[in-house]
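J.: One structure, as structure tokens, below. Some questions next.
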There are 2 protein chains.
Amino acid sequence: MIKIPPDAWTMNRALRLAEKGRGWTEPNPMVGAVLMKDGERIGEGYHSRYGAAHAEVEALKACEAAGLDARGATLFVTLEPCCHEGKTPPCVEAVIASGVSRVVIAAEDPNPKVAGKGIAALRAAGIEVSVGLLAEAAKELNRFFYHFFETGRPWVTLKAALSLDGKIAEAPGKETALTGKVAQRYVHGLRHEHQAILVGAGTVLADDPHLGVREVEGRDPLRVILKGKKALPKKLQIFRDKNVLILEEMKVEEVLAKLAELDVHSVLVEGGQAVFTAFLKAGLVDEMQLLLAPRFLGPKALDFVELDSGFSLEGMHTKVLGKDLLLTGRPHFEKRECA
Amino acid sequence: MIKIPPDAWTMNRALRLAEKGRGWTEPNPMVGAVLMKDGERIGEGYHSRYGAAHAEVEALKACEAAGLDARGATLFVTLEPCCHEGKTPPCVEAVIASGVSRVVIAAEDPNPKVAGKGIAALRAAGIEVSVGLLAEAAKELNRFFYHFFETGRPWVTLKAALSLDGKIAEAPGKETALTGKVAQRYVHGLRHEHQAILVGAGTVLADDPHLGVREVEGRDPLRVILKGKKALPKKLQIFRDKNVLILEEMKVEEVLAKLAELDVHSVLVEGGQAVFTAFLKAGLVDEMQLLLAPRFLGPKALDFVELDSGFSLEGMHTKVLGKDLLLTGRPHFEKRECA
């Protein structure tokens, strides 16, 4: 049997708590926290939604509400506590005030406003701080957030529903419901998890899509439309509220720079062919989520992309979604040998 | 908890025994048998390879070898015992001579030489016979065999390695190793399970394939080559022994009739594009086994098939094979609504 050290168990619990905030905290990261004292869990919490209290504060509140004393306890937190005034007061102050004697942090905050300053502040207050326990899992959890601060660009997820011959519609401009209910529900979950969703004007004009989150509980992402030369009638569903951004034709790099300015850390690119092609050509797709329907659409159907060369899907993972399949991976264009 | 009746447990065991003969018994079916007396298993056996003793005889032999008495026992057998002289004497005689008082049969033998006559002979000898326990599983086990006697044609399995854009090679005539080791081993298993393997002359001339079973323990299927106008040089690997059949250009229906004449119950169609297209157009593919590699080959690559219309893969099942995916299902060409 593999023995898991108690600290790793606790941090894993904090990570699972953090996960509960998925889709609700952006542009903040998901964070979870657990307070331990004498081998007992005396409080825990997570950042539940943007604007709400941070995980550390929630854990301290829970401890107090239970009539317990945080003094001398160890705080496990999945991300370095913040030291700057944001929507809420800095967590570092609350942590110091609580009297905890040790703080175990999974990963440093990549946000330059924090980036080590939270840790330094805790240490300056005489608190023992260790960093790096389950760091990889903590960074994976907030991969949009880390990617944003590392690259200055939002994480780009390309989502497409494909037939087994790599087609996305029976003909150009013809809406084709390739995938089933389970896959559609999955897509709504993906939308909730991303801060923005992006489609070309062609898709909007052909399908008049809702582009919101309906099949699952979630919040609508910002709808980004890459406008071409044609006008977009105001009666289209995308204009149903103000949560929409129309970008006049621009390069992929410019689109992402614009979204980064708006503090958008993740964008779900949903088509059509021209948009998929542009993002892949620019080499700016971080992840592909392909929903494969068990059909061949034949030679008259519309190709997924218009590229001269092929590419591979690296690190492919697979999941059955009802009658369809989900393949996830990262596009890779370099010439390589097959196994 | 679901209670499984003891008889079903026993028949399931017989089915698992039968399975051990997969690929070795053709053109005979796989058969397993278990002898039960007073709630104890007193003998069991299976048809291990073409020409060897049948399952019932193996079970009776095992009983005798253990010094036990089959008189008054119940024989569970996955297929109706044969009543005709074949490679071995009729099983019905051995069963009657053994003194068993009851025979439980999963499914009737579809071979007109038997088809109920075995059951009638057992009953005429005063043995209590019941038929139909786990019949569906027994028919599924020997689906090639049942299909052959129901339709007069061999079961056609189409196997292709595809990219995610439905291509089979980087260019016509260019051998492309799309799939990895695990998928390749799987294909060798498929070859072992089929009585014949079929490819077009183009594939043979382009790749000089071995078309044998090497990656797993198994027996080489009959190699059927659909010859076109070009000559096939004698130095090709397919001519390494006599287990090869060259058919001059003929229709799919004629090819299958020819194979049926040779008592071939199953054929694995491995390409190329023209052969895949002909079999699908003829509506004579019973099962597709598609190995999906995590790559897009791009617009210059060779399409899997040349068909005017699309089709769906019904009853799709999925399995991860190393870095690749296996999709199995049945092609369906009728126009249908998507869910």
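J.: In whole Å, what is the distance between the alpha-carbon centres of region B:1-52 and region A:260-339?
T.: Spelled out, the Cα-based centre of one part sits 47 Å from the other.
J.: Between copies, how far apart are the A:Ser130 label points? List them in nm, one decimal, shortest first, with each point 7 Å from Cα toward Cβ, please?
T.: Taking the point 7 Å beyond Cα along Cα→Cβ, the inter-copy spacings are 6.5 nm.
J.: Now for a separate question. log₁₀ I(q)/I(0) of region A:85-154 at q = 0.17, 0.18, 0.28 Å⁻¹, via Debye over equal Cα point scatterers, no solvent, to two decimals?
T.: The Debye formula, applied to the Cα set alone, gives -0.70, -0.77, -1.27.
J.: Let me spell out the model: positive unit charges on the Cβ of Lys and Arg, negative unit charges on the Cβ of Asp and Glu, origin at the Cα centre of chain A. What dipole size does that give, in debye rounded to 20?
T.: About 800 debye.
J.: To continue, here is another question. Loop only by DSSP, 13 or fewer other Cβ within 10 Å of the Cβ. Give me the GluC sites (Glu not before Pro) in region A:68-156 that pass, ordered by residue number.
T.: Passing sites in region A:68-156 are A:Glu85.
J.: Taking a temperature of 20 °C and a viscosity of 1.002 mPa s, what whole-number D in µm²/s does Stokes-Einstein yield for the protein assembly as shown with Rh from Kirkwood over alpha carbon pairs?
T.: Answer, rounded: 72 µm²/s.
J.: Shifting gears a bit: In percent, what relative contact order does region A:121-192 have, based on Cα pairs under 8 Å that are 6 or more apart in sequence?
T.: 12 percent
J.: Expressed as a rounded percentage, what relative contact order does region A:188-339 have, with Cα pairs under 8 Å and six or more residues apart?
T.: 21 percent
J.: Once amide H atoms are placed 1.01 Å from N in the peptide plane, what residues at a sequence separation of 5 or more from B:Val269, or on another chain, have their amide H within under 5 Å of its amide H?
T.: Close amide H contacts, sequence-distant or interchain: B:Thr157, B:Leu158, B:Lys159, B:Leu198.
J.: So, one more: When only C-alpha pairs under 8 Å and at least 6 residues apart count, what is the relative contact order of chain B, in percent?
T.: In percent, rounded to a whole number, it is 15.
J.: Looking at A:Val264, A:Leu327, A:Met316, which one has the Cα that reaches farthest to the positive end of the dipole of region A:230-339 (charges on Cβ: Lys, Arg +1; Asp, Glu -1)?
T.: A:Leu327
J.: Given the rotation relating A and B, tell me which residue in A puts its Cβ closest to the axis and the distance in Å.
T.: In residue-and-Å form, the answer is A:Gly166, 3.
J.: Between B:Glu44 and residues 5 or more places away or on another chain, which pairs have amide H atoms under 5 Å apart, with H built 1.01 Å from N, and which residues are they?
T.: Result for B:Glu44 returns B:Leu35, B:Ala62, B:Cys63.
J.: Under the convention of a label 7 Å out along Cα→Cβ, give the distances in nm from B:Leu232 to the same position in every other copy, shortest first.
T.: Those label-point separations list as 6.0 nm.
J.: Also, quick follow-up: Counting other Cβ atoms within 10 Å of each Cβ, which trypsin sites (Lys or Arg not before Pro) in region B:58-122 have at most 13 and sit in a DSSP loop?
T.: Within region B:58-122, the qualifying trypsin sites (Lys or Arg not before Pro) (loop, at most 13 other Cβ atoms within 10 Å) are B:Arg71, B:Lys87, B:Lys113.
J.: For the protein assembly as shown, what is the percent of antiparallel DSSP beta bridges, rounded to the nearest 5?
T.: Taking every DSSP beta bridge with both residues in the protein assembly as shown, the antiparallel ones total about 45 percent.
J.: Moving on to the next point. Tilt of helix A:252-261 relative to the longest C-alpha principal axis of chain A, in degrees (0 to 90, nearest 10)?
T.: The two axes meet at around 30 degrees.
J.: In whole angstrom, and with the biggest value first, how far do the Cα coordinates of region B:141-259 range along each principal axis?
T.: 40, 34, 30
J.: What list of ³J(HN,Hα) couplings, whole Hz, do you get for region B:165-179 from phi and the Karplus terms 6.51, -1.76, 1.60, once you set θ to phi - 60° and write x for glycine and proline?
T.: Along region B:165-179, the couplings run 9, x, 10, 10, 7, 5, 7, x, x, 9, 5, 10, 7, 7, 9 Hz.
J.: Another question, then. Tell me, what HN-Hα J-couplings in whole Hz come from the Karplus equation 6.51 cos²θ - 1.76 cosθ + 1.60 at θ = phi - 60° for each residue of region A:234-246, using x for Gly and Pro?
T.: 5, 7, 4, 4, 4, 8, 5, 8, 7, 7, 9, 10, 9
J.: Using a 10 Å cut-off on Cβ to Cβ distances, tally the other chain neighbours for every residue of A:169-182 and report the average as a whole number.
T.: The shielding value for this peptide is 1.
J.: Which residues make up the longest stretch of chain A clear of chymotrypsin sites (Phe, Trp or Tyr not before Pro) that lie in a DSSP loop with no more than 16 other Cβ atoms within 10 Å, not counting the sites?
T.: Looking at chain A, A:51-332 is the longest stretch - no exposed chymotrypsin sites (Phe, Trp or Tyr not before Pro) with at most 16 other Cβ atoms within 10 Å.
J.: Right, here's the next one. Evaluate 2.2 N^0.38 Å with N set to the residue count of region B:247-304, then give the Cα radius of gyration divided by it.
T.: Working it through for region B:247-304, the quotient is 1.35.
J.: Run through the other copies and list how far each one's label point is from that of B:Gly322, in nm with one decimal, shortest first; the point sits 7 Å from Cα along Cα-Cβ.
T.: From this label point to the equivalent ones elsewhere in the assembly: 3.4 nm.
J.: Could you tell me the distance between the Cα centroids of region A:145-184 and region B:139-202, to the nearest Å?
T.: Using only Cα atoms to place each centre, the spacing works out to 31 Å.
J.: Kindly identify region B:154-218 as rounded, prolate or oblate by the Cα gyration tensor criterion: order the square roots of the eigenvalues as a ≥ b ≥ c, call it rounded if a/c is under 1.5, otherwise compare a/b with b/c, prolate if a/b is larger, else oblate.
T.: Taking the square roots of the gyration eigenvalues as a ≥ b ≥ c, region B:154-218 is prolate.
J.: Right, another one. Just name one of B:Asn142, B:Ile119, B:Ala206: the one whose Cα is farthest towards the positive end of the charge dipole of region B:86-206 (beta-carbon charges, Lys/Arg +1, Asp/Glu -1).
T.: Farthest towards the positive end: B:Ala206.
J.: When the Karplus curve 6.51 cos²θ - 1.76 cosθ + 1.60 is applied with θ = phi - 60°, which whole-Hz ³J(HN,Hα) does each residue of region A:226-231 get, with x for Gly and Pro?
T.: 8, 7, x, 7, 6, 6
J.: Please report the orientation-averaged projected area of region A:1-74, defined via the convex hull of its C-alpha atoms, in nm².
T.: Average of the hull's projected areas for region A:1-74 equals 5.6 nm².
J.: With 10 Å bins from zero, work out the P(r) of chain B over every alpha carbon pair and list the percent per bin.
T.: For chain B, the pair-distance distribution reads 5, 23, 28, 21, 14, 7, 1, 0.
J.: For region B:206-247, what are the per-bin percents of Cα-Cα distances with bins 5 Å wide, up to the bin holding the maximum?
T.: Final binned percentages: 5, 20, 33, 24, 11, 5, 2, 0.
J.: Right, next: Please tell me which of these pairs span more than 27 angstrom C-alpha to C-alpha: B:Lys3/B:Lys139; A:Lys20/B:Lys319; A:Lys174/A:Lys229?
T.: A:Lys20/B:Lys319
J.: Suppose every Lys and Arg Cβ carries +1 and every Asp and Glu Cβ carries -1, with no other charges. What dipole size does the protein assembly as shown come out with about its Cα centre, to the nearest 20 debye?
T.: 540 debye
J.: Check which residues have an amide H placed less than 5 Å from B:Leu321's amide H, if you skip close sequence neighbours.
T.: Residues meeting the criterion, in which the H sits 1.01 Å from N, are B:Leu326.
J.: Can you pull the Kirkwood radius for region A:273-337, inverse mean 1/r over Cα pairs, to one decimal in Å?
T.: Radius from the Kirkwood sum: 13.2 Å.
J.: May I have the pair-distance distribution P(r) for region B:192-339, computed from all Cα-Cα distances with 10 Å bins from 0 and rounded to whole percent?
T.: Spelled out per bin, shortest first, that is 9, 35, 39, 15, 2, 0.
J.: Additional query: Give me the one-decimal Kirkwood hydrodynamic radius in Å for region A:1-128, with the sum taken over alpha-carbon pairs.
T.: 14.3 Å
J.: Ok, one more. What is the diffusion coefficient of region A:202-280 in µm²/s, taking the Kirkwood radius over Cα pairs and the Stokes-Einstein relation at 10 °C with a viscosity of 1.306 mPa s?
T.: Here the translational diffusion coefficient equals 117 µm²/s.
Throughout, read-outs are computed from the coordinates displayed, never taken from laboratory work. Owing to the predicted nature of the structure, the values given are computational and were not obtained by experimental measurement. Glycine also receives a Cβ, built like all others from the backbone with ideal geometry; neighbour counts cover every protein chain displayed.
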